Amino acid sequence: MLWSLLKIVIFVAIVAALTLGAGYVMEANGGIQITAAGYEVNLGPLQSVIAVVVLVVGLFVLFKLVGLTIAVLKFINGDDTALSRYFDRNRERKGYHALSEGLLALSSGEGKLAMAKAQKADRYLHNPALTNLLTAQAAEMSGDTRKAEETYKKLIQNDDTRFAGIRGMMKLKLAQGDEDTALALAERAFAIKPRHREIQDMLLELQVKNHDWKGARKTLSAELKHGNLPRDVYKRRDAVLALSEAKDIFADDKPIEAREAAIASAKGSPDLIPGACMAARAYIARGENKKAERILKKAWAVQPHPDLAATFAEIAPDETPGERVKRFKALTGLRTSHRETKLLRAELALAAEDFPEARRAVGNLADTDADARVLTVMAAIAKGEGAPETEVRGWLTKALVAPRGPAWVCDQCHHLHSEWVPICDNCNGFDTLSWTTPPQTGGAPAGAEMLPLIVGTDPAPAPATDAVPEVLAPNPPTPQGASAADDARPAVEDAEVVTDPDTPDPGTPDPDKKDSAA
């Protein structure tokens, strides 16, 4: 409506300007005097304007006639397409002008205008290889998926535009959620142009989602071959794919193939903790314990992790706690300043009922890097050393509201996972999980500030002693997949929290007696 009104205003303004100009010319004095071959012609102002317009039109017609004459002469001399080219030149000019306007409209987000310009260009050019692609993209932008799909099919039928048509159809199917068809189209596009990086990435993503690990490894090799992927990234991702393939093979009850795939993943990327654990278990199943220890030690040197310690315990599941402490020196002697090494030494000491050694192993983690696991270990140490129940409950209170510690966190969406997976459950990112401390998104639970008043005073450091009280019952060997702190928790978690203010806590000293003693 506004554009129509604006066009009317512009038309009236042009008419008014022409009228004023004509009036000015009619009232003007002077003119043009032409003298040639003894003849003299005097033209007034209005006649001069008309003469100039006639001259311009005459020159235009003259040039057209000259071009037509040249085309006729070429046709007579044997050029069969000279006349057709002469008459088609104007159509091509109009067609390419419409095509350029359509591309500009497409880049500016005007889908319907781009479709109109594409139809106009097709009418003049008769070149579907150019206009169909513009029509398909414009239809997709304007939401006409049926028109876009029909046009992409036309592009696929042409050898010159087949790749563009397959790529466009693949993106259209992905937008519609049809990943199976998109995967088939991505494979066709990859067969046509294996060097195309976008197709490589999209095919890899679809293959990973479809758990086609072998196909994904081939695509990954193509990315490395054509220089689209650094070698270190290739090794890491290939190890992830090999591990994923091993897990699927293991689920299909094919242990031999699973072992080989797991060993391949561990060799490809030693810092891939799940791969190292699965490869070590594969060696344990084959009775090659030395190779299992070698893989776990190599992975521990790169990144200490509880799963590595649990797998290391599976090598000799029936050993005593003392024997386990000695054998685990192969791990605890590496990365001695790492928190995971300190906690592992403390848990092994707890299992062996060496509570002073457990306290020395923990060091100052309770002050510098406290989480639920560290504080639970401190509670177990306090319980084993015969500390008052109030101190044990104080450690447990802190553990209740402390951070949960490192976990498998997605680098892209920060989603937490209970175990490692190759694809994030939240954002579908491939190989985006890292063992790190998740960001704290909230404060302590409601009422947490009252817990110290309920359970007793804050824990105080107990003096180190070599005597081991008979408080903590002897612990059995650490079971497979569990840490020594988990063995000690049943002996600690029997402390009941007193929630009734009328019921006195047997472990809490009486305030009156405390005052009298003072």
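If you go through segment 228-249 one residue at a time, do you hit one that is within 23 Å of Gly333 (Cβ to Cβ), at pLDDT 85 or above and crowded, with 16+ Cβ neighbours inside 10 Å? Among the residues of segment 228-249, not one is within 23 Å of Gly333 (Cβ to Cβ), at pLDDT 85 or above and crowded, with 16+ Cβ neighbours inside 10 Å, which makes the answer no.
Going through Ala313, Ala358, Ala276, Ala346 one at a time, which residue ends up being outside any loop (DSSP other than H, G, I, E, B), at pLDDT below 90 and aliphatic (A, V, I, L, M)?
On the way: Ala313 fails: at pLDDT below 90; Ala358 fails: at pLDDT below 90; Ala346 fails: at pLDDT below 90.
Exactly one of Ala313, Ala358, Ala276, Ala346 is outside any loop (DSSP other than H, G, I, E, B), at pLDDT below 90 and aliphatic (A, V, I, L, M), namely Ala276.
For segment 331-370, the tally of residues that are surrounded by fewer than 23 Cβ atoms within 10 Å (Cβ to Cβ), touching a residue at least 60 places away in the same chain (Cβ under 8 Å) and within 23 Å of Gln303 (Cα to Cα) stands at 1. I need every pair where a residue in segment 311-322 that is in contact (Cβ under 8 Å) with a residue 12 or more places away in the chain has its Cβ under 7 Å from the Cβ of a residue that is in a loop (DSSP other than H, G, I, E, B) and of a type in the set (S, T, N, Q), sequence separation at least 6 or different chains. Qualifying pairs under 7 Å: Ala313/Thr478; Ala313/Gln480; Glu314/Gln480; Pro317/Gln480; Pro321/Asn475.
Restricting attention to segment 377-427, and to residues there that are of a type in the set (S, T, N, Q) and closer than 28 Å to Met278 by Cβ, which single residue is surrounded by the fewest Cβ atoms within 10 Å (Cβ to Cβ)? Break it down into steps so the answer makes sense when it comes.
Within segment 377-427, the first condition is being of a type in the set (S, T, N, Q), and the residues that meet it are 390, 397, 412, 418, 426.
If we keep only those that are closer than 28 Å to Met278 by Cβ as well, we get 412, 418, 426.
On the way: Gln412: 13, Ser418: 8, Asn426: 14.
Applying the filter and picking the extreme gives Ser418.
Within segment 330-337, identify whether any single residue is over 24 Å from Met278 (Cα atoms) and assigned to a helix (DSSP H, G or I), and answer yes or no.
Of all residues in segment 330-337, those over 24 Å from Met278 (Cα atoms) come to 336-337.
Checking which are assigned to a helix (DSSP H, G or I) leaves us with none.
Checking segment 330-337: not a single residue is over 24 Å from Met278 (Cα atoms) and assigned to a helix (DSSP H, G or I).
Looking at Gly165, Gly177, which one is on the phi > 0 side of the Ramachandran plot and open to solvent by less than 60 Å² (accessible area, probe 1.4 Å)?
Checking each option against the conditions leaves just Gly177.
Residues in segment 318-329: is at least one closer than 18 Å to Ala407 by Cα and either touching a Cys at 6+ places or on another chain (Cβ under 6 Å) or part of a helix (DSSP H, G or I) (or both)? Checked segment 318-329: no residue is closer than 18 Å to Ala407 by Cα and either touching a Cys at 6+ places or on another chain (Cβ under 6 Å) or part of a helix (DSSP H, G or I) (or both). Would you confirm whether any residue within segment 208-217 is touching a Ser or Thr at 6+ places or on another chain (Cβ under 8 Å) and on the phi > 0 side of the Ramachandran plot? Within segment 208-217 (the criterion being touching a Ser or Thr at 6+ places or on another chain (Cβ under 8 Å) and on the phi > 0 side of the Ramachandran plot), the answer is yes, since at least one residue qualifies.
The values are calculated or read from the model by the stated rules, or taken from the named source; none is laboratory data. It should be emphasised that the depicted structure is a prediction, and the values quoted were computed from it without experimental measurement. Here Cβ is always computed from backbone atoms with ideal geometry, including for glycine, and neighbour counts include all displayed protein chains. For accessibility, only protein heavy atoms count, side chains too; no ligands or nucleic acids. Shrake-Rupley method; radii C 1.70, N 1.55, O 1.52, S 1.80 Å.
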